[in-house]
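Okay, structure first, notes after.
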Amino acid sequence: MDLGSGRLHDLFKWSGIGYMIAIERDPEAYEEGRKVAEASYHATLTIDYIRADLTKPEHIDRLISSVPKIWSVYCFFAIHYFTGQKEDFDQIVRLIQAKLRPGGRFCFTCFSAEKIQALPKEINFGNQYYIKKKYDDQKPGFGRKIGVYISSIGYEHDEFLVYSETIREAFPGFKITRKNFSQFPRAPENEHDRAFSFLNDLWILIKPA
Ligand SMILES: C[S@@+](CC[C@H](N)C(=O)[O-])C[C@H]1O[C@@H](n2cnc3c(N)ncnc32)[C@H](O)[C@@H]1O
């Protein structure tokens, strides 16, 4: 199950998988993704592509009652949209706790809140990227907003920091592994791509059996 799946343009990352549930809120992204999901060249992969807002309790209730139990949940570069307030985050936690099988895994990627906290209030990476902190309070928690600019996207968007405390409290008993992007092979060649990319971590949480 892929939370905040986007337009499904990189389905190759699921090669070898027979079935997935993808969930996306944005109508345009959903329309585009629906065409990709229906394309015949993905015939070996069955996709249930569902339009839902993962912060809405009624959408979560509907998903809990309609989707099967699963072994893996992914949330790539999207979990930061759910940490604006605790009520939002509680909804995806409820979905994951209800649908993930014991022994199954929840993987997500996001900026390391600790690394961002250590940066100046505004930092520019060679005009390719910038990050502006829009919060004053340094305590970990919900609603710590940052503005992020990525030149290939072309505008600044807001997102929220994801703190280790938030994750550990929401998933007690899960075995947690966290890897920084700098630990992976094939680092970006450009120094600004590399510095920006290395602000991210991959988290892997395994539900107790
Ligand atoms: C930065 S994109 C990442 C897309 C994809 N996971 C990837 O790795 O390419 C974040 C996605 O999360 C979706 N999203 C944000 N808030 C959401 C919500 N409340 N419910 C469902 N999807 C949401 C956005 O519409 C967007 O497509």
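What follows draws every value from the coordinates through simple rules; no lab data is involved. Because the structure is predicted, anything quoted here is derived from the model rather than measured. All Cβ positions, even for glycine, are placed from backbone atoms using ideal geometry, and neighbour counts span all protein chains on display.
Going by the structure shown, is ASP10 within 12 Å of the ligand (Cβ to nearest atom) and farther than 23 Å from PHE160 by Cα?
Working: within 12 Å of the ligand (Cβ to nearest atom): yes; farther than 23 Å from PHE160 by Cα: yes.
Considered against the rule, which asks whether it is within 12 Å of the ligand (Cβ to nearest atom) and farther than 23 Å from PHE160 by Cα, ASP10 comes out as yes.
So that you can scan it fast, the table gives a plain yes or no per residue for (1) under 27 Å from GLY143 (Cβ atoms); (2) more than 9 Å from the ligand (Cβ to nearest atom); (3) surrounded by 15 or more Cβ atoms within 10 Å (Cβ to Cβ):
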{"residue": "GLY16", "(1), (2), (3)": "no, yes, no"}
{"residue": "TYR19", "(1), (2), (3)": "no, yes, no"}
{"residue": "ASP26", "(1), (2), (3)": "yes, no, no"}
{"residue": "THR46", "(1), (2), (3)": "no, yes, no"}
{"residue": "ASP61", "(1), (2), (3)": "yes, yes, no"}
{"residue": "PRO68", "(1), (2), (3)": "no, yes, no"}
{"residue": "ILE92", "(1), (2), (3)": "yes, no, yes"}
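Which of the residues belonging to segment 1-53 are assigned to a helix (DSSP H, G or I) and among the polar types (S, T, N, Q)?
The answer is SER40, and nothing else.
Out of the residues in segment 97-118 that are aliphatic (A, V, I, L, M) and touching a residue at least 40 places away in the same chain (Cβ under 8 Å), which is surrounded by the fewest Cβ atoms within 10 Å (Cβ to Cβ)? Quick ask: steps written out before the conclusion?
Filtering segment 97-118 for residues aliphatic (A, V, I, L, M) gives 98, 100, 113, 116, 118.
Narrowing the set further to residues that are touching a residue at least 40 places away in the same chain (Cβ under 8 Å) leaves 100, 113, 116.
Working: LEU100: 22, ALA113: 24, ILE116: 17.
The residue in question is ILE116.
Just the residues that are within 26 Å of GLY16 (Cβ to Cβ) and over 14 Å from the mean Cα position of the chain (by Cα), please, taken from segment 57-97.
Result: LEU63, SER66, VAL67, PRO68, LYS69, ILE70, TRP71, LEU95.
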